[in-house]
Amino acid sequence: MKLKKTYKFAFKSSLYITVFAFSVALILTYALTHHVNYNLALLTALSIFIFSFVVIQYRVEYFIYNRIKNIYDDVSVSKIENLDRGSVTTNMETLSKQVKKFAEDKLLEIEMLEIREEYRREFLGNVSHELKTPLFTVQGYLLTLSGGAINDKLIRDKYLNRANIGLERLVSIVEDLDMINQLESGNLNLSLKQFDIVKLIRNVFELLDFQAKKRNITLQFDKVYDTPILIQGDRKRIEQVVINLIENSIKYGKMKSQNTVSIKNYSDSQFIVHMKDEGEGIPERNLSRIFERFYRIEQSRSREQGGSGLGLSIVKHIIEAHHQKVFAKSEVGKGSTFSFTLEKFK
C-alpha cells in the first residue's frame, strides 16, 4: 500500500535530520575521543529519527489543522459542525480540494441568496403594483363622490359601481394570496374523494360558456368521452385548477378559435389532462416563469384582461399539493398547452 503523503513528508524530513545529527555526532565524538561507539551512535540516531518523525507528523499536522480551522471560521457563513482533526492533514492536495469545494459551496450559497433577494424585490414590487391600481381607483371615485358628485344620481351610481369592481379585485388578490400561503404552509386540508373528471370539465365549460362566446371561442373535448373517468383528489380544488386554466385560454386565445381538452393515460396510476388553445403563444424565454406569482408576459395587455395575476401560481400549488405535476408547452403564433396529472381512482 502506498504510504500516506503526510507520512512520506515526515519520514523524509526525519531522515534528513537524523543523517545530519548522526554525522555531526560522529565527527564530534571522533574529534574528542578518537574513538567511535557505533552501537551508541546508531541508538542515538534511531531515537532522533523517531522523535523527529513524531514531532513533524503530529505537531505540524496540528499546526495546519488550527490554521485551516481559522480560515474556515473566518470565511464560513454558518457554524462548522463537521470539521474534526482528521478532516485536515498535511496532505496539500487534499487540503486544496477541500478548500476549493468549500469556496464553490459558498459561492453557490451567495448566488442562491442573490436570486432569492431579487425574487423578493420583484415580488414586493408586483404586490405593491397590483394592490395600488385598484386602491387608487376606488379612492379616486370615493373622493369625487365626497366632493359633491354624490348628489348627482347618475354619477353616484356609476362611480359606486366602478368602486365596487375595484374592491372586488382587491378582495380577489387577497383571497388568492391567502390560498397560496395556506398551500405553501401545508395548512390547507385537501378533501380527497373520487369524482368524474369528465363531468367536472363539462360543468366548467357550461360555467364559462358566456365568456367564451363573447370572444367566439369554442370549448370542446378532443373526442367523445361517453364513460366516466374517475380520479382521486379534492374536487373543489381541481375544479379551481380547470377554471383558472380555461379562463386563461379564453382571455388570451384568438377570436374565433377552439380550446380543446383531452384526457389520456400518463402512467399505471395517473391520467394527464391537456388543455390546448390557439392563442398567440408564450415566448420560450418566459415559459419557465409563468407559474410565478404576479408574473405577466405582457404587462399592459395582461392588466387589461383583469384578474389577480395569481391564477397559474394557484394552479401549480394545488396540483403539487396533490403530489402531481403541471406542465406548460407553447409556440409563438400557434398556441399553448397546459397539462397536469391526476391520480387514478382504484
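Counting only residues at least eight positions apart within a chain, or on another chain, the lysines with an alpha carbon under 30 Å from that of K153 are K132. The slack in the chain from D157 to L42, taken as 0.36 nm per residue of separation less the alpha-carbon distance, amounts to 30.1 nm. Counting only residues at least eight positions apart within a chain, or on another chain, the lysines with an alpha carbon under 30 Å from that of K8 are K69, K97, K100, K101.
Within the straight-line cut-off of under 18 Å between alpha carbons, the lysines reachable from K276 are K213, K223, K251, K254, K256, K264, K316, K325, K329, K334, sequence neighbours fewer than 8 places apart in one chain being disregarded. I need the calculated FRET efficiency for the pair V332 and L107, taking r as the beta carbon distance and R₀ as 45 Å, to the nearest 0.05. So the FRET efficiency works out to roughly 0.80.
Write down the Kirkwood hydrodynamic radius of segment 192-344, to one decimal in angstroms, obtained as one divided by the mean of 1/r over all alpha carbon pairs. Before the final figure, lay out each step's value.
Numbers: mean 1/r = 0.0637 Å⁻¹.
About 15.7 Å for segment 192-344.
At 0.36 nm per residue, minus the direct Cα-Cα distance, what do N216 and V171 gain on full extension? Give it in nm, one decimal, please.
Working: separation 45, 0.36 × 45 = 16.20 nm, distance 2.95 nm.
Difference between extended and current length: 13.2 nm.
Shown for I250, I155, I290: other C-beta atoms within 10 Å of each C-beta, ranked fewest to most, produce the order I155, I290, I250.
Here the residues D277, D105, ranked from fewest to most Cβ neighbours within 10 Å of their Cβ, fall in the order D105, D277. In segment 123-185, the inverse of the mean reciprocal separation of distinct Cα atoms equals 13.0 Å; this is its Kirkwood hydrodynamic radius.
The calculated FRET efficiency for the pair D196 and H274, based on their C-beta separation and a Förster distance of 22 Å, comes to about 0.80. The ranking of Y58, Y252, Y141 from fewest to most other beta carbons within 10 Å of each one's beta carbon is Y58, Y252, Y141. Taken about its Cα centre, segment 192-344 carries a charge dipole of about 280 debye when Lys and Arg each add +1 at the Cβ and Asp and Glu each add -1 at the Cβ. Sorting the segments 330-341, 20-31 by their residues' average number of neighbouring beta-carbon atoms within 10 angstrom, most packed first, yields 330-341, 20-31.
No value in this document is a laboratory result; all are computed from the given coordinates. Predicted model, so just to flag it, every value in this text is computed and none were measured. Quick reminder, even Gly has a Cβ in these numbers, built from the backbone with ideal geometry, and neighbours come from all protein chains shown.
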